[in-house]
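Encoded as structure tokens, the structure appears first; notes follow it.
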């Protein structure tokens with residue numbers, strides 16, 4: 001037998017070593033390729049994030065924040081919260097006596113609830129976070145006494161982080177300005193019953209409530225619209241003044257009424273009147289030439305009173321001690337109709353203007369459930385003896401409106417470092 005081939009004459013050990021070396025080389029080459037690919041992908045990802053961040057900053061500088069509702073907070077339920085409110089009637093330096101229900105003996109049970117949206121969470125209010133978001137900004141609540149109620153709530157919440165300074169107050173106490181010097185934040189309230197120009201009409205019998213002539217087409221030069229320039233945020237609200245007898249005017253002529261029951265006048269109804277003035281108010285903001293281009297506007301939806309067994313002037317009262325149950329409210333009521341009209345007009349403004357700087361603070365259902373949160377009889381009776389079942393105690397469920405406001409602001413603001 002002849003000699004074996006050289007390839008077969010090598011020992012199995014040497015053959016194994018040779019194959020192992022080749023395998024190691026292949027593995028090392030594959031690892032290097034994978035690491036190189038991973039490095040390239042990581043670099044692309046980092047550059048993409050940086051570009052996106054720069055684009056967001058550029059968009060914010062050129063067009064302001066865009067109001068995108070990432071969480072539907074309009075539907076939900078009130079759940080027990082043993083923590084209670086962020087402040088008390090003793091820790092809020094700006095709490096008005098008219099909202100200090102605890103001072104006048106109201107049961108504290110209404111304080112230990114929080115709003116839980118169906119599809120997401122509504123974070124607890126953080127005064128530090130709010131002040132960081134609005135640093136150097138100007139925010140105004142525009143509307144009736146419930147707009148003021150929300151401003152008073154926000155003052156109490158923010159005062160837990162910084163004490164505000166009263167800057168200006170008009171003779172009728174309807175236009176008020178506060179300032180937070182550390183954060184250079186200005187908070188204002190601007191009074192308007194109807195958004196549009198309105199003039200009281202003396203009633204023949206001299207009894208309240210006094211009707212108004214509401215000029216639907218006179219809104220651009222209203223007291224609140226001339227104060228829009230300089231604002232960064234405008235929070236609109238209202239609706240309760242439309243429940244009295246009012247007369248509607250257009251082009252200098254009376255065209256109809258609301259709740260008048262007069263044979264020679266068309267009663268257009270509350271929903272029609274509110275829809276008209278909301279549309280006009282949003283349009284006035286959209287075309288405001290001297291306003292900031294990034295002015296963001298929220299409309300806080302209608303909230304009802306909860307008088308039972310009568311009205312404000314006929315002995316009605318509100319003495320509930322816990323939120324209503326779901327089956328105790330109706331989503332086909334006039335309150336819900338008004339909410340829908342307001343929401344539709346905001347959506348229409350977004351479509352008409354092509355701007356996403358209009359949003360909604362939809363609190364209607366949440367507040368329909370809170371018949372226990374009103375002032376009621378828990379106030380100084382020397383001023384008004386009737387039960388106040390329209391305005392809200394401080395602290396109280398109205399603080400949730402500012403939880404929602406902060407959530408809307410932070411959804412479209414960069415994180416605070």
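Measuring nothing but how far apart in sequence close Cα pairs (under 8 Å, 6+ apart) lie, relative to its length, region 64-411 scores a relative contact order of 23 percent. Counted residue by residue at 0.36 nm each, then reduced by the alpha carbon distance between them, the extension gain from residue 207 to residue 135 reaches 21.3 nm.
Packing order of peptides 161-168, 193-200, 139-146, 224-231, highest average first: 139-146, 193-200, 224-231, 161-168 (average count of other Cβ atoms within 10 Å over each peptide's residues). Comparing Cα centroids, region 321-364 and region 201-266 end up 21 angstrom apart. Residue exposure proxy: 403, 213, ordered by other Cβ atoms within 10 angstrom of their Cβ from fewest to most, comes out as 213, 403. Averaging the sequence gap over all C-alpha pairs within less than 8 Å and six or more residues apart, then dividing by the number of residues, gives region 205-359 a relative contact order of 24 percent. For region 115-133, backbone nitrogen atoms closer than 15 Å to the point 7 Å from residue 160 Cα along Cα-to-C-beta are found at 115, 123-132. Reported to the nearest whole Å, the Cα centre-to-centre distance from region 122-159 to region 288-305 is 14.
Averaging the inverse of every distinct alpha carbon separation and then flipping it gives the Kirkwood radius. What is it for region 122-184, in angstrom units? Over region 122-184, the inverse of the mean reciprocal pair distance is 12.5 Å.
One decimal place: the segment residue 250-residue 179 gains 21.7 nm when fully extended, by the rule 0.36 nm per residue minus the C-alpha distance. By the gyration tensor of its Cα atoms, with a ≥ b ≥ c the square roots of the eigenvalues, what is the shape of region 212-351: rounded for a/c under 1.5, prolate for a/b over b/c, or oblate? Here region 212-351 falls in the oblate category. Quick one: Debye curve from the C-alpha atoms of region 64-411, no solvent, what's log10 I(q)/I(0) at q = 0.07, 0.09, 0.13, 0.15 Å⁻¹? Values, matching the q order: -0.28, -0.47, -1.06, -1.46.
Peptides 147-156, 374-383, 276-285 ranked from most to least packed, by the mean per-residue count of other Cβ atoms within 10 Å: 147-156, 276-285, 374-383. Packing here is the average count of other Cβ atoms within 10 Å per residue, and on that basis the peptides 387-398, 356-367, 312-323, 179-190, highest first, run 387-398, 356-367, 179-190, 312-323.
Read-outs: derived from the displayed coordinates by stated rules, not from any lab. This one's a predicted model, so the numbers in the text were calculated from it and none came from an experiment. Cβ: placed from backbone, ideal geometry, glycine included. Neighbour counts: every protein chain shown.
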